Each structure stands twice: as C-alpha cells, then as structure tokens.
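Below is one structure; the comments refer to it alone.
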Amino acid sequence: MRINDNALIARLKELGVELRPGVSLAAKTSLGIGGTTDQLLLRRYESIPEVMRLLADNQTPHRFLGGGTNVLIDDGELAWVVLHLPPAHPGVRLEGNFAFVDASADLGGTVTFCAKHDLGGMEGLIGVPGSVGGALRMNAGAYGMQIGSFVREIELYRAAKGDLETMRGDQIRFDYRHTSFAPDDVMLRVKLELPSKPYKEILAGIRICNEKRRSSQPLNQKSAGCIFKNPPGGSAGRMIDTLGLKGHRVGDAMVSDRHANFFINAANSSCADMLKLIDYVRDRVRASYAVELENEVIVWRN
Ligand code: EPU
C-alpha cells in the first residue's frame with residue numbers, strides 16, 4: 001500500500017514519522033519472505049496515539065513490525081502499511097537491579113549488555129533472535145526461562161483505548177508463547193528486574209545455551225525459529241522428524257534437516273509455498289498423532 005496524500009505525508013512528518021516508500025519486507029524478516037509496502041518509522045513515542053488516529057481517519061490499514069523474526073508475510077503488493085520503531089542501541093538503561101529497555105532494542109544485545117553489568121537470569125534468551133518488544137508480546141523463552149518472569153512494568157500503546165498506558169507486570173498474563181496483550185497493543189518500553197550475578201558466571205551459562213542451540217538448530221539459514229508451538233507435553237519437532245519429513249519441500253520452502261520444527265527458506269520461497277508446507281505438515285501430524293499443531297509463527301495475509 002502506498003501513501004500518496006500530500007497532506008497526510010506532511011502531517012506524519014510533523015509527528016516525527018519517517019516515511020520510507022516501497023520497502024521490501026523480505027529484507028526485514030528472518031525468513032526472507034514478504035511483499036512490498038510503505039514503511040513508517042515512529043521516531044516519537046508520544047505522538048503514536050495521534051499517528052494511529054490519523055491513519056484510521058485516512059483509511060490506511062497498518063501492521064506493526066518488530067524484529068521480523070517470528071512472522072510470515074504475504075507476497076506481492078501488501079494491503080497495509082507497516083509501522084516500525086527505530087532501532088535503539090543499546091536501548092538499555094540500568095538502575096540497580098532494574099533494566100529499562102526500549103522495545104526496539106535487540107534481545108540478544110540486551111542480555112549481553114545486562115550481563116556485562118552483572119545482571120543475569122536471561123542467559124537462555126541469548127540466541128533468540130528479534131527485538132525485546134517481540135519477545136515480550138509472545139513471552140519468548142528457551143532453556144527453562146521466559147522473559148515474562150522479569151517484567152515489572154511495561155509502557156505500551158493500547159489500541160482499544162487509543163492511548164499510551166503503563167501496566168504492572170502482575171497485570172499481564174505470561175503463558176507459554178502467549179500473553180494477555182491484545183493483538184494490536186504496541187510494546188514501547190519495559191522495566192525488567194534481574195538477579196545480580198557475576199559476569200563470568202552469566203557468560204558460562206550463555207556459552208552452554210549457545211552450544212546447545214548450535215548443535216540442534218539451523219542457525220545460519222533463513223527461518224522464523226520454530227514454526228509450531230509444542231503441544232502440551234509433546235514436541236512438534238520430534239513428531240515431524242519421526243514422520244520422516246526432514247528435508248520435505250514445497251518449492252523453496254523446506255523442513256530443516258537439522259531441526260524438524262524449523263522451516264527454511266532455502267532460496268527464494270514465496271509465502272504461498274511456505275503456507276502449503278505448513279498445512280501439509282500439520283495435516284500429516286494430525287493424521288498420525290491426532291494432534292492439532294498451533295502456529296507459533298504469526299502469519300500476515302493480505
Ligand atoms: N527432536 C527430534 N528431532 C528434531 C527436533 C527435536 O527428535 O528434529 C527432539 C529432541 O531430540 C528433543 C525434543 O525433540 O528430545 C525437544 O527438542 P528441543 O530440545 O530442540 O526443543 P524444542 O521443544 O524442539 C523448544 C523451543 C525452542 C527453544 C528450545 C530450547 C518451542 C516450539 N521451541 O524447542 O524455541 O529454543 O526448546 O529451549 O517451544 C522457538 O520458539 O522459535 C524456538 C526455537
């Protein structure tokens with residue numbers, strides 16, 4: 001979708017929004033899949049409610065893109081613009097055991113920054129790609145920990161109210177790869193409380209997690225991490241593997257031959273082919289195990 005109305009463009013500029021026309025979202029996602037649309041960088045958090053009202057008044061549908069590491073985006077010209085918070089480096093400020101982190105900060109970078117200041121607890125998250133905002137939204141976790149446990153406060157844009165709001169951590173439900181945020185809430189900043197730990201100890205934990213991840217996951221290929229959530233008490237990866245589906249392809253969309261719950265864009269996969277592969281694998285698992293696998297990856301259709 002293209003924003004062509006000059007009055008709208010001028011007003012967005014006044015609100016601190018940078019408009020980047022005709023951006024390929026394939027280049028903005030870890031899967032390397034996605035069509036083209038206008039990108040709006042929201043440089044001023046305070047103006048977000050006004051920007052949202054403006055887009056609604058101008059019948060301009062939008063979606064909010066974080067780190068792009070857990071999303072599968074449709075092909076071709078997209079029917080909505082994409083909103084984005086500019087990246088923050090490092091985007092972290094420390095005060096005792098509290099870390100105040102911008103949602104656009106890189107998750108791995110945040111774990112490392114805190115570690116260097118002797119704040120630990122998040123070692124398991126070190127290899128999880130993406131932004132802190134994305135990790136909060138889906139309660140990212142690995143190796144026995146999840147980000148939700150550390151959240152004390154979140155500042156967000158609440159679409160239902162059309163305004164910014166600060167919520168306490170205990171007002172939010174953090175479940176396995178799921179939270180009580182509304183789908184159109186936008187994470188802006190978070191206050192984490194982290195346990196004190198010597199850097200050396202944290203580093204040892206980080207090394208162990210990195211090693212485990214390297215030995216079981218296809219880290220150098222284009223993927224969105226695990227495609228499906230694990231069913232209660234089970235492992236999607238093990239089930240898909242047992243069905244002999246590693247390496248199974250639809251065009252350039254392929255089940256990883258390293259970890260069967262990672263689906264790879266082997267070259268130039270379309271979204272359509274990746275969706276066909278997801279459906280095929282889900283059908284096979286249902287037929288053999290009577291289990292309905294739920295997507296972990298977020299799918300944005302046109
Ligand atoms: N397994 C196989 N074949 C495979 C993959 C896994 O037999 O192709 C077996 C493993 O041998 C193991 C079991 O399945 O016995 C579980 O595998 P793994 O330890 O790799 O964990 P997982 O349940 O597949 C989860 C998360 C990962 C996270 C790891 C480590 C989900 C959907 N996945 O994977 O998170 O990194 O544990 O904690 O919860 C993600 O969410 O995107 C993700 C990568």
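The values are calculated or read from the model by the stated rules, or taken from the named source; none is laboratory data. From a predicted model like this one, the values you see are computed outputs, not experimental measurements. Here Cβ is always computed from backbone atoms with ideal geometry, including for glycine, and neighbour counts include all displayed protein chains. All accessible areas refer to the heavy atoms of the entire protein, side chains included, with ligands and DNA or RNA removed. Shrake-Rupley method; radii C 1.70, N 1.55, O 1.52, S 1.80 Å.
Summary table below
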{"quantity": "Subset of the range 225-243 (residues that are more than 6 Å from the ligand (Cβ to nearest atom) and hydroxyl-bearing (Ser, Thr, Tyr))", "calculated": "Thr242"}
{"quantity": "Lone unmet requirement of (1) free of Cβ contacts under 8 Å to residues at least 60 places away in the same chain; (2) more than 11 Å from the ligand (Cβ to nearest atom) for Asn261", "calculated": "(2)"}
{"quantity": "Only one of Ala159, Ala140 that is under 18 Å from the mean Cα position of the chain (by Cα) and of a type in the set (A, V, I, L, M)", "calculated": "Ala140"}
{"quantity": "Members of the range 264-279 that are within 17 Å of Ala26 (Cα to Cα) and more than 14 Å from the ligand (Cβ to nearest atom)", "calculated": "Asn265, Ala266, Ala267, Asn268, Ser269, Ser270, Cys271, Ala272, Asp273, Met274, Leu275"}
{"quantity": "Matching strands (runs of 3 or more DSSP E) fully within the range 30-136 where at least 2 residues are open to solvent by 10 Å² or more (accessible area, probe 1.4 Å) and touching a helix residue (DSSP H, G or I) at 6+ places or on another chain (Cβ under 8 Å)", "calculated": "92-95"}
{"quantity": "Which numbered condition Lys222 misses (of (1) surrounded by 14 or more Cβ atoms within 10 Å (Cβ to Cβ); (2) over 18 Å from the mean Cα position of the chain (by Cα); (3) among the basic types (Lys, Arg))", "calculated": "(2)"}
{"quantity": "Test for Ala290: is it over 22 Å from the mean Cα position of the chain (by Cα), away from the ligand (no atom under 15 Å from the Cβ) and free of Cβ contacts under 8 Å to residues at least 60 places away in the same chain", "calculated": "yes"}
{"quantity": "Residue check, Glu155 charged (D, E, K, R), open to solvent by less than 60 Å² (accessible area, probe 1.4 Å) and more than 23 Å from His62 (Cα to Cα)", "calculated": "no"}
{"quantity": "Any hit, the range 156-169, residues being at pLDDT 95 or above and within 16 Å of the ligand (Cβ to nearest atom)", "calculated": "no"}
{"quantity": "Cβ pairs under 6 Å, 6+ apart, first in the range 168-195 and within 21 Å of Asp106 (Cα to Cα) and open to solvent by 40 Å² or more (accessible area, probe 1.4 Å), second within 16 Å of the ligand (Cβ to nearest atom) and in a helix (DSSP H, G or I)", "calculated": "Arg177/Met138"}
{"quantity": "Close pairs from the range 119-146: first more than 19 Å from Leu72 (Cα to Cα) and more than 10 Å from the ligand (Cβ to nearest atom), partner acidic (Asp, Glu) and at pLDDT 95 or above, Cβ under 8 Å, at least 6 apart", "calculated": "Gly120/Glu201"}
{"quantity": "Those residues of the range 225-253 which are surrounded by 18 or more Cβ atoms within 10 Å (Cβ to Cβ), under 23 Å from the mean Cα position of the chain (by Cα) and not in a helix (DSSP H, G or I), in sequence order", "calculated": "Gly225, Cys226, Ile227, Phe228, Asn230, Asp252, Ala253"}
{"quantity": "Test: Gly96 is without any contact (Cβ under 8 Å) to a residue 12 or more places away in the chain, more than 13 Å from the ligand (Cβ to nearest atom) and small (Gly, Ala, Ser)", "calculated": "yes"}
{"quantity": "Selection status of Tyr199, open to solvent by 20 Å² or more (accessible area, probe 1.4 Å), in contact with an Asp or Glu (Cβ under 6 Å, 6 or more places away or on another chain), in contact (Cβ under 8 Å) with a residue 40 or more places away in the chain and hydroxyl-bearing (Ser, Thr, Tyr)", "calculated": "yes"}
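Residues are listed down the side, and each one gets a yes or a no for (1) aromatic (Phe, Trp, Tyr); (2) within 16 Å of the ligand (Cβ to nearest atom):
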position	(1), (2)
Ile172	no, no
Asp175	no, yes
Phe181	yes, no
Val190	no, no
Lys197	no, no
Cys209	no, yes
Ser216	no, yes
Lys222	no, yes
